[in-house]
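Worksheet for the structure shown next.
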Amino acid sequence: MPGPRIRSYARPKKGTIKRLIKSLWKHFKFELIISLITLFVSILVNLCGSIFASLITQVVTNAVIEGAPHVFTGSFNASLLNIIPLKTNLTQLLIALSCIYGLGVICSWTWNRTMAVVTQKYLNLFRIKMFSHMQKLPIKYFDTHQNGAIMSLYTNDIDTIRQLISQSLPNIISTGVTVIGCLMVMLFLSIWMSLVVILGTVAMVLNTKIIGGRASRFFVAQQASVSKVEGAIEESITGLKVIKVFTHEEDSLKDFEKVNDELYGNSTKANIAGNIMMPINGNIGNFMYVFIAILGCILYLTPGTYNLSLTGFREVSPDVFYGLLLVPFLMLCRMFTNNIGNFSQQVTFVVMGTAGASRCFDLLDEISETDDGYVTLVNIKKNPDGTFEETSERTRDYAWKHPHKADGTITYTELKGDIVIDNVDFSYDGKKTVLKGVSVYAHPGQQIALVGATGAGKTTITNLINRFYDIADGKIRYDGININKIKKDDLRHSLGVILQDVNLFTGTVMENIRYGRLDATDEEVYEAAKIANAYDFIMRLPQGFNTMLSGDGANLSQGQRQLISIARAAVADAPVMILDEATSSIDTRTERLVQKGMDQLMKGRTTFVIAHRLSTIQNADYILVLDHGEIIERGNHESLIEQKGTYYQLYTGAFELE
Ligand SMILES: Nc1ncnc2c1ncn2[C@@H]1O[C@H](COP(=O)(O)OP(=O)(O)OP(=O)(O)O)[C@@H](O)[C@H]1O
Ligand SMILES: [Mg+2]
């Protein structure tokens, strides 16, 4: 079994956070302003709360010293940061404190709620943006990116962005403001004691950088391991039958154990580092608390040292020192260290969120499929004299509408289905040549069959006609028009394609057939099913055309799925058809029946048929034999048999190519 899917965990691009914030701001200015205002008010409330707490201490201390019995009603001296003298009592202070905290609750509820709503709305937009951009990406993108990795952008990575926007960024803003606010007040109260706080902070930052950095690295590695585990599970579910057939359950388990062990290792290291960081920071904070208390007392007992405090008070009584300086300072210090701890916790989420956002932006930055086409497909009404005019009705006659930029005129070319591939070379990856000098001339109404061994390049030719991949200018012409000039949607509208891999979607049989042309009536769907010879088996399904198909049509046989895809092409009723191995899984008896329907479908239309069973293409106007990307023989069945070349050998030898 191939190894599990591995996502690339390249460093996040620079400026990712800036880009994220910019795009948030673009969509939710009003909400973000409300959020920021209420966030700032909540921070202010917290700071005020601690100042009020110190006022309460002063009042209570004074009440005790003055021996007054009416601490709730009496009037006591207090001072706001030793600047504004106040005469107040406990009742007034408690009412003020309640009002302040009440306001705090309202603000904090508002910003939390607003951020939660903004985040979800933003992620909703983000997912839609990614999905719609993904649909515009060239097929090449999906050749080079694994499904699992793309899918986990929508789950894992989006979730790290949620964490970043709704928790980490607001937390960092609030922490930053609180820390600065605390520091200013602390400096105001005592420079010496603030110095202890600053030293302690340096230690905490170092701890965060060293141990937190380690944790972040392992958390990002853990994310990579999660996606590997997801890949292994996904692969073993999709390949379940193959695993069972070859009895590889043991190996599959071993593969799983390997990635699971890696996840275990990374998560353990990440969590150990993460869990150590917080207690270390917490203990640094506790030490600071004790140091400050001791330092405060030393300062108090050493005359002449207060002048280092900006408050400039000296020779104060112990109660003033205690209530006005030490208690508020210690409270602020607690708040300060809590916030620094909080900040260090967010670092990991920021690293993970930035990495996730960077990968999502990478998807959005992928260059979408270019479409410089300006020639469009229009319905026309034919007049008896052979002329025609454009109409909005569905007439089943079409023309290419070709506006000329130079003189502003428009010319119409009737769609005939003349497709010329002129000496095309092609490579998927720019290294290995897949097609060499391939020329195909399909005249209107002709049936062109492509045969050749597996990997010869048959599907590749059709990939170029419907422009899944682009080639250099001018090599493929459709009714004389360079297909690069035709709008991709219109080009594909003109082609009824049955792809080699049948894809059915979750929905009813009716809906799956109607996928070929969304405005088809029920009768048209029934008709198409009859052409494809699918009608009978569909009617035998439990709910007939209303039977739900799920899991890519898992409840149908391979041949039945092919019949539905033929019906889908029949309902599309396009003027040119491309049928890639349309009947490969159908039994020979049914095939003969389907062939009749297909002949009817192909009548009058240019058709490219790819078939391994040569019996199905004997009536083709031209048969092209491909070998390693080159056309080695061409002609109709009889002339090729006469040539007695490769085709003859294939036909007389095995009837089937390998
Ligand atoms: N998306 C792709 N990226 C790179 N190489 C590709 C891609 N698709 C096909 N090829 C290569 O191009 C060559 C031709 O493939 P193609 O699918 O055209 O073969 P085919 O003739 O349709 O074979 P089959 O009969 O098995 O369907 C193969 O060698 C294949 O490895
Ligand atoms: Mg093929």
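The values are calculated or read from the model by the stated rules, or taken from the named source; none is laboratory data. In this text, all values refer to a predicted model and were calculated from it rather than measured experimentally. When we count neighbours, we look across all protein chains shown, and the Cβ atoms used for this are built from the backbone with ideal geometry, even at glycine. Heavy atoms of the whole protein, side chains included, go into the accessibility calculation; ligands, DNA and RNA do not. Shrake-Rupley method; radii C 1.70, N 1.55, O 1.52, S 1.80 Å.
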Report summary line: Rg/Rh over Cα atoms for segment 16-365, Kirkwood Rh, comes to 1.13
**Report entry** Distance in nm between pseudo-label sites at TYR469 and HIS628 (7 Å out along the Cβ direction from Cα)
**Finding:** 1.8 nm
Report task. On a 0 to 90° scale, report how tilted helix 29-66 is relative to the longest principal axis of the chain, with both axes built from alpha carbons and the result rounded to the nearest 10. Result -> 20 degrees
Query raised in the report: How much of the accessible area of the chain, probe 1.4 Å, is carbon plus sulfur, in whole percent?
Result: 60 percent
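If each DSSP helix of 4+ residues adds -39,500 (n - 2.57) and the sum is divided by the residues in the chain, what number results at 222 nm, nearest 500 deg cm²/dmol?
Mean residue ellipticity, 222 nm, calculated: -18500 deg cm²/dmol.
With only Lys, Arg, Asp and Glu charged, each at its Cβ (+1 for the first two, -1 for the last two), find how big the charge dipole of segment 16-365 is about the Cα centre; round to the nearest 20 debye.
Details: 25 positive and 19 negative charges, 187 e Å.
Computed about the Cα centre, the dipole is about 900 debye.
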Report summary line: Taking a probe of 1.4 Å and leaving out DNA, RNA and ligands, the chain shows per residue an accessible area in Å² of 51 Å²
Query raised in the report: What dipole magnitude, in Debye to the nearest 20, does segment 558-658 give about its Cα centre under +1 on Lys/Arg Cβ and -1 on Asp/Glu Cβ?
Result: 440 debye
**Report entry** At 0.890 mPa s and 25 °C, Stokes diffusion of the chain via Kirkwood alpha-carbon radius, µm² per second
**Finding:** 77 µm²/s
Query raised in the report: Which residues' amide hydrogens lie under 5 Å from the amide hydrogen of GLY496, considering only partners 5 or more residues apart or on another chain, with H built in the peptide plane?
Result: ALA574, VAL576, MET577, ILE578
Report task. Identify, among GLY285, MET134, ALA149, the residue whose Cα sits farthest towards the positive end of the charge dipole of segment 16-365, taking +1 on the Cβ of Lys and Arg and -1 on the Cβ of Asp and Glu, with the dipole about the Cα centre. Result -> MET134
Query raised in the report: Hey, which lysines would be in cross-link range of LYS432, C-alpha to C-alpha under 20 Å, not counting anything within fewer than 8 residues on its own chain?
Result: LYS140, LYS458, LYS475
Requested in this report: Please give, to one decimal in nm, the separation of the simple spin-label points placed at ILE106 and LEU301, each 7 Å out from Cα toward the Cβ.
Outcome: 4.9 nm
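What does the charge add up to near GLU642, with Lys and Arg as +1, Asp and Glu as -1, over the other residues with Cβ less than 14 Å from its Cβ?
Taking every other residue near GLU642 into account, the sum is 0.
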Query raised in the report: How much length is gained on full extension from ILE37 to LYS22, taking 0.36 nm per residue of separation minus their Cα-Cα distance?
Result: 3.6 nm
Query raised in the report: Under the Karplus relation 6.51 cos²θ - 1.76 cosθ + 1.60, θ = phi - 60°, what is the ordered set of whole-Hz ³J(HN,Hα) values for segment 340-354, x standing for Gly and Pro?
Result: 5, x, 4, 4, 5, 5, 6, 4, 4, 5, 5, 4, 5, x, 5
Requested in this report: Please list the equivalent ellipsoid semi-axes of segment 419-653, computed as the square roots of five times the alpha-carbon gyration tensor eigenvalues, in descending order and whole angstrom.
Outcome: 30, 21, 16
Query raised in the report: For the chain, with the dipole built from +1 on Lys and Arg beta-carbon atoms and -1 on Asp and Glu ones, taken about the Cα centre, which of ILE419, PHE388, THR302 lies farthest toward the positive end?
Result: THR302
Report summary line: Packing-ranked peptide list from 339-348, 616-625, 642-651, highest mean Cβ count within 10 angstrom first, is 339-348, 616-625, 642-651
Report summary line: Between GLY445 and residues 5 or more places away or on another chain, the pairs with built amide H atoms under 5 Å apart involve THR606
Query raised in the report: Between LYS405 and ILE294, how many nm apart are label points set 7 Å from Cα along the C-beta direction?
Result: 8.0 nm
Requested in this report: Taking the Cα centre of segment 419-653 as origin, sum charge times position over the Cβ atoms of Lys and Arg (+1) and Asp and Glu (-1), and report the length of that vector in debye to the nearest 20.
Outcome: 180 debye
Report summary line: The FRET efficiency for ARG394 and MET539, from their Cβ-Cβ distance with R0 = 25 Å and rounded to 0.05, is 0.35
Requested in this report: Could you run the Karplus curve 6.51 cos²θ - 1.76 cosθ + 1.60 with θ = phi - 60° over segment 88-96 and give me ³J(HN,Hα) per residue in whole Hz, x for Gly and Pro?
Outcome: 8, 9, 5, 4, 4, 5, 5, 5, 4
**Report entry** Charge-dipole axis of segment 419-653 as Lys and Arg at +1 and Asp and Glu at -1 on Cβ define it, positive-most pick from ALA456, LEU499, LEU556
**Finding:** ALA456
Requested in this report: Can you tell me how much longer the chain between SER557 and GLU262 gets when fully stretched, taken as 0.36 nm per residue apart minus their C-alpha distance, in nm with one decimal?
Outcome: 102.3 nm
Query - Using θ = phi - 60° and Karplus 6.51 cos²θ - 1.76 cosθ + 1.60, couplings along segment 200-213 (whole Hz; Gly, Pro as x) - result: x, 5, 4, 4, 5, 5, 4, 4, 5, 5, 6, 6, x, x
Requested in this report: Give me the distance between the Cα centres of segment 585-608 and segment 189-261, rounded to whole Å.
Outcome: 55 Å
**Report entry** Flagged links, alpha-carbon separation over 30 Å, of LYS381/LYS485; LYS436/LYS596; LYS129/LYS487
**Finding:** LYS436/LYS596
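Could you work out how much longer the chain between ILE150 and VAL205 gets when fully extended? Use 0.36 nm per residue separation minus the Cα distance between them, nm to one decimal.
16.2 nm
FRET efficiency for THR508 and ALA53, Cβ-Cβ distance as r, R0 = 56 Å, nearest 0.05?
The value I calculate is 0.25.
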Report summary line: Taking r as the C-beta separation of LYS644 and LEU364 and R0 as 41 Å, the FRET efficiency to the nearest 0.05 is 0.10
Report summary line: Looking only at lysines whose Cα falls under 21 Å of LYS382's and that sit 8 or more positions away or on another chain, we get LYS401, LYS416, LYS603
Query raised in the report: Counting only DSSP beta bridges with both residues in segment 419-653, what percent are antiparallel, rounded to the nearest 5?
Result: 50 percent
Query - Distance between segment 524-547 and segment 343-390 - C-alpha centres, whole angstrom - result: 35 Å
Query - Interchain or long-range residues, amide H under 5 Å from GLY507's placed H - result: LEU549
Query raised in the report: Among all the lysines, which ones have a C-alpha under 27 Å from LYS254's C-alpha, if same-chain residues fewer than 8 places away are not counted?
Result: LYS228, LYS241, LYS244, LYS269
